[in-house]
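Colleague: Please read through the structure below; I'll follow up with questions.
The values are calculated or read from the model by the stated rules, or taken from the named source; none is laboratory data. From a predicted model like this one, the values you see are computed outputs, not experimental measurements. Note that each Cβ is placed from the backbone with ideal geometry, even for glycine, and that neighbours are counted across all protein chains shown. Side chains are part of the model used for accessible areas, which takes the heavy atoms of the whole protein and leaves out ligands, DNA and RNA. Shrake-Rupley method; radii C 1.70, N 1.55, O 1.52, S 1.80 Å.
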Amino acid sequence: MIKNTFYVTTPIYYVTAKPHLGSLYSTLLADIAARWNKLMGKETFFLTGTDEHGQKVAAAAQKAGKSPQEFVDSFIPAYKDTWHKYELDYTEFIRTTDSHHVQAVQQWIKKLIISGDIYKGEYSGFYCTHCETFVTGSDHPSINSGRTGEKHTGEEQIKPVAYPACPSCGRETHALAEQTYFFRLSKYQDRLLQFYADNPDFITPKERVHEVINFVKSGLTDLSISRTTITWGIPFPGDPNHVTYVWADALNNYITAIGYGDPDKQELFNRWWPADVHVLGKDIVRFHAIYWPAFLMASNLALPKKLLVHGWITVGDQKMSKSLGNVVDPIALYEKYGAEPVRYYLMRKMAISHDSSFSIEDLEQTITADLANDLGNLLNRLTTLAQKHNLPTVTAPTTWSPAACDLRDSCSTMLAEVKNHMDDYLYHRALARIWHYIHATNTFFHAHEPWKLANTDPVAFAEIISATCHSLQAIAIMLLPIMPTKMHQLLESIGALDATHHTQTIVKNLEDNVWRQTFMLKKIDPLFEKFDPSIHFSGNPKNTQDDRANSSTHSTPVRPEFIEGDKSYITIDDFVKIELVVGTITHCEPAPNSTKLLVLNVDFGPLGTRTILSGIAQWYAPQDLITKQGIFVLNLKPRKMAGLESQGMMLSAKTEDGNLKMATVASPVPNGIRLS
Ligand code: MSP
């Protein structure tokens, strides 16, 4: 029996920060896939969520002074709020700390221990904390031990080599040796290769398949799936010293969210599994194309039908990332441009198969040209004209003129082509094709100069209005997955809102050249705002029939107000809250019971004398500091260190090699002077 269901997932996001434009992009692709399939009459399940375990999260939580659970909880509202603002209509939001997920993963592990696919051993290798993964020998030929999952006798030691950089993120790795549970990945090498051969469409775009096949062919070793060095993770069943390695935890979300492991949800699970498509970025292909299918094979479960792999959004030539400080904040974009113009821009200009550069100038230019001018103006002119000539209801003629027939024919061709692109997840191509048709409709409308016909030839006038309405109806229906609210407004203004209730029939009719009988026109506020190109934009980087994403390069692709980091600027009011004062160290001695701390007596002139502890014993002897002037924060809450109360903090600079140098003034000033 052919299933009339569609199950789409996003990657689950690490919750060390709020969502950014890259996370929005992944989630938007899934939302559009779900909306498109719903439009085509399928029942859909759209899953997204958060990946909350692992060392990276634990470390970030510690830095923030929170428990890991408090820390991850604090980001969830920002995710849900962003998704709601962008109309991402998910069915379920899974968190890997959800108890049903935790229990189901534990059950999964137990099952695989019994079947022999999970076993205990010892591991050593180079680990990237950022990506939560071991760097393998094939990533770095310099590593001759430490292939993923390599077992050790315990006799060999990790040699003190320079730690290799992680191939995914470029950060430095560190050596790790520990007892671990292995997943028997090596056993699935041949079956995986067979699977790729039998399912050439498993990965979209196809080019990504080669890297996966090459990796598998180079030889799979068993995969370490537990850690004893961290505690923030799913406890390994029956061995409390171990927690589950994040990828064995995270990937399973795709099945636990739909009831895997819960006997009461067997039916639900059978209804949705296997997933029709997992959406993911190119950085996590290996986990989804190798580990995940192997986990499923070991669990005797069907494999997902497709991986939709997208490129990265870049800013200028750089990947957008927190560490580069160029992360675009989706909420700032939403506030200025609204959700749907941004949805359109991301789908039109970010070609799935490539990395695509994001720029505000291009965004504004695209909204103005495509949405406000091409589409919005057409609707506006049509409804203004109908209103002016008192034609609220327009009826289709009994016979159409050759020009209108041409428009109708090209509409049905457009529909067929757009359907194919949408089914193939090539949204940028679908949109380019729709815009080609919008241009044709504009040409039809303007070439016939209906404003001149209104008084001279009312039949011809009505035909132009009617044919343009037909076009707009088809356009709006095809654009519903991309801009649902705006397209509802458009359909309402031509009296065709009912079309949204039976889209399949409407699309079928349009394909068969059966056009609607009547439209009722109502003028509405302009659908889209225009942005003045002279302010921020120069040149013409737009492609209209583009296959690739925009290729414009701008010197300032994203203005600071849209960059997340810039919002962390403090104001002068914040600055003046900090009392930075110059004082002279009059006495200094090592703190009792501490090798790191020195106890300073500091003279702040009219502000008195204070006792301040400073962790600089490693770099300064007490006599080096006496009589020196330093800079101190005086309104920091006093705190106890080595049993003594510190009544302020001395400022110092940490050099790259970890040395501390106390901060001072260039020439002596009176004690108690405040810095400003
Ligand atoms: N937690 C894992 C996924 C586990 S799925 C079982 C993870 N999380 S992530 O938050 O780092 O990344 C999630 C997704 O966001 C990835 O698909 C990644 O490619 C995508 N993006 C992160 N930055 C991006 C851009 N700059 N551009 C486009 N998408 C990028 O990996």
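Colleague: Pick out, from region 217-331, the helices (runs of 4 or more DSSP H) lying fully within it that include 2 or more residues that are touching a helix residue (DSSP H, G or I) at 6+ places or on another chain (Cβ under 8 Å).
Modeller: The helices (runs of 4 or more DSSP H) meeting that bar are 246-250, 253-256, 292-298.
Colleague: Among the residues in region 333-355, are any away from the ligand (no atom under 16 Å from the Cβ), more than 21 Å from the chain's Cα centre (by Cα), open to solvent by 10 Å² or more (accessible area, probe 1.4 Å) and of a type outside the set (A, V, I, L, M)?
Modeller: Taking every residue of region 333-355 in turn, none turns out to be away from the ligand (no atom under 16 Å from the Cβ), more than 21 Å from the chain's Cα centre (by Cα), open to solvent by 10 Å² or more (accessible area, probe 1.4 Å) and of a type outside the set (A, V, I, L, M).
Colleague: Would you point out which residue out of 465, 477 is in contact (Cβ under 8 Å) with a residue 12 or more places away in the chain, touching a Pro at 6+ places or on another chain (Cβ under 7 Å) and either open to solvent by less than 10 Å² (accessible area, probe 1.4 Å) or charged (D, E, K, R) (or both)?
Modeller: Answer to the selection: 465.
Colleague: So, one more: One residue is enough: does region 501-511 have a residue meeting the conditions under 21 Å from residue 46 (Cα atoms), open to solvent by 20 Å² or more (accessible area, probe 1.4 Å) and modelled with pLDDT under 95?
Modeller: Yes, that holds for at least one residue.
Colleague: Sticking with this one: Inside region 105-127, can you point out the residues that are surrounded by 22 or more Cβ atoms within 10 Å (Cβ to Cβ) and touching a helix residue (DSSP H, G or I) at 6+ places or on another chain (Cβ under 7 Å)?
Modeller: The answer is 105, 118.
Colleague: Starting from region 507-528, take each residue that is touching a residue at least 60 places away in the same chain (Cβ under 8 Å) and list its partners that are of a type in the set (Ser, Thr, Tyr) and open to solvent by 30 Å² or more (accessible area, probe 1.4 Å), counting only C-beta distances under 8 angstrom and pairs at least six apart or across chains.
Modeller: 517/395; 518/393; 518/395; 519/393; 520/393; 521/393; 523/384
Colleague: Looking at (1) assigned to a helix (DSSP H, G or I); (2) farther than 17 Å from residue 461 by Cα; (3) open to solvent by 50 Å² or more (accessible area, probe 1.4 Å); (4) not hydrophobic (A, V, I, L, M, F, W, C), which is the only condition residue 381 fails?
Modeller: Among (1) assigned to a helix (DSSP H, G or I); (2) farther than 17 Å from residue 461 by Cα; (3) open to solvent by 50 Å² or more (accessible area, probe 1.4 Å); (4) not hydrophobic (A, V, I, L, M, F, W, C), residue 381 violates only (2).
Colleague: Collect the residues in region 174-214 that are more than 24 Å from the chain's Cα centre (by Cα), open to solvent by less than 60 Å² (accessible area, probe 1.4 Å) and modelled with pLDDT under 95, keeping them in residue-number order.
Modeller: 174, 175, 176, 178, 180, listed by residue number.
Colleague: Moving on. Given the structure, is residue 47 under 18 Å from residue 304 (Cβ atoms) and more than 9 Å from the ligand (Cβ to nearest atom)?
Modeller: The answer is yes for residue 47.
Colleague: Which of (1) closer than 28 Å to residue 205 by Cβ; (2) more than 16 Å from the ligand (Cβ to nearest atom); (3) touching a residue at least 24 places away in the same chain (Cβ under 8 Å); (4) open to solvent by 10 Å² or more (accessible area, probe 1.4 Å) is the odd one out, the single condition residue 367 does not satisfy?
Modeller: (4)
Colleague: Restricting to region 481-495, name every residue that is of a type outside the set (Ser, Thr, Tyr) and either surrounded by 23 or more Cβ atoms within 10 Å (Cβ to Cβ) or assigned to a helix (DSSP H, G or I) (or both).
Modeller: 481, 482, 483, 484, 486, 487, 488, 489, 490, 491, 492, 494
Colleague: If you don't mind, there's one more thing I want to ask. Identify, please: which residue in region 299-320 is of a type in the set (S, T, N, Q) and more than 10 Å from the ligand (Cβ to nearest atom) and is, among those, nearest to the chain's Cα centre (by Cα)?
Modeller: It comes out as 299.
Colleague: Give me a count of the residues in region 332-345 that are among the small types (Gly, Ala, Ser) and outside any loop (DSSP other than H, G, I, E, B).
Modeller: Result for region 332-345: 2.
Colleague: Then there is this: Any chance region 426-442 includes a residue that's modelled with pLDDT of 95 or more, open to solvent by 10 Å² or more (accessible area, probe 1.4 Å) and part of a loop (DSSP other than H, G, I, E, B)?
Modeller: The answer is yes, given that some residue of region 426-442 is modelled with pLDDT of 95 or more, open to solvent by 10 Å² or more (accessible area, probe 1.4 Å) and part of a loop (DSSP other than H, G, I, E, B).
Colleague: Please list, ordered by first then second residue, the pairs with beta carbon atoms under 9 Å, 6 or more apart or interchain, first in region 303-330 and free of Cβ contacts under 8 Å to residues at least 24 places away in the same chain, second more than 12 Å from the ligand (Cβ to nearest atom).
Modeller: Hits for this filter: 323/171.
Colleague: I'd like to check something: does region 240-261 contain any residue that is more than 16 Å from the ligand (Cβ to nearest atom), under 25 Å from residue 203 (Cα atoms) and free of Cβ contacts under 8 Å to residues at least 40 places away in the same chain?
Modeller: no
Colleague: Regarding residue 223, is this residue surrounded by 17 or more Cβ atoms within 10 Å (Cβ to Cβ) and at negative phi?
Modeller: Criteria met by residue 223.
Colleague: Are there helices (runs of 4 or more DSSP H) fully within region 1-87 with at least 3 residues that are crowded, with 21+ Cβ neighbours inside 10 Å and not aliphatic (A, V, I, L, M)? List them.
Modeller: 21-39, 68-85
Colleague: Residue 611 versus (1) of a type in the set (Ser, Thr, Tyr); (2) outside any loop (DSSP other than H, G, I, E, B); (3) modelled with pLDDT under 95: which is the lone unmet condition?
Modeller: Here residue 611 meets the rest and fails (3).
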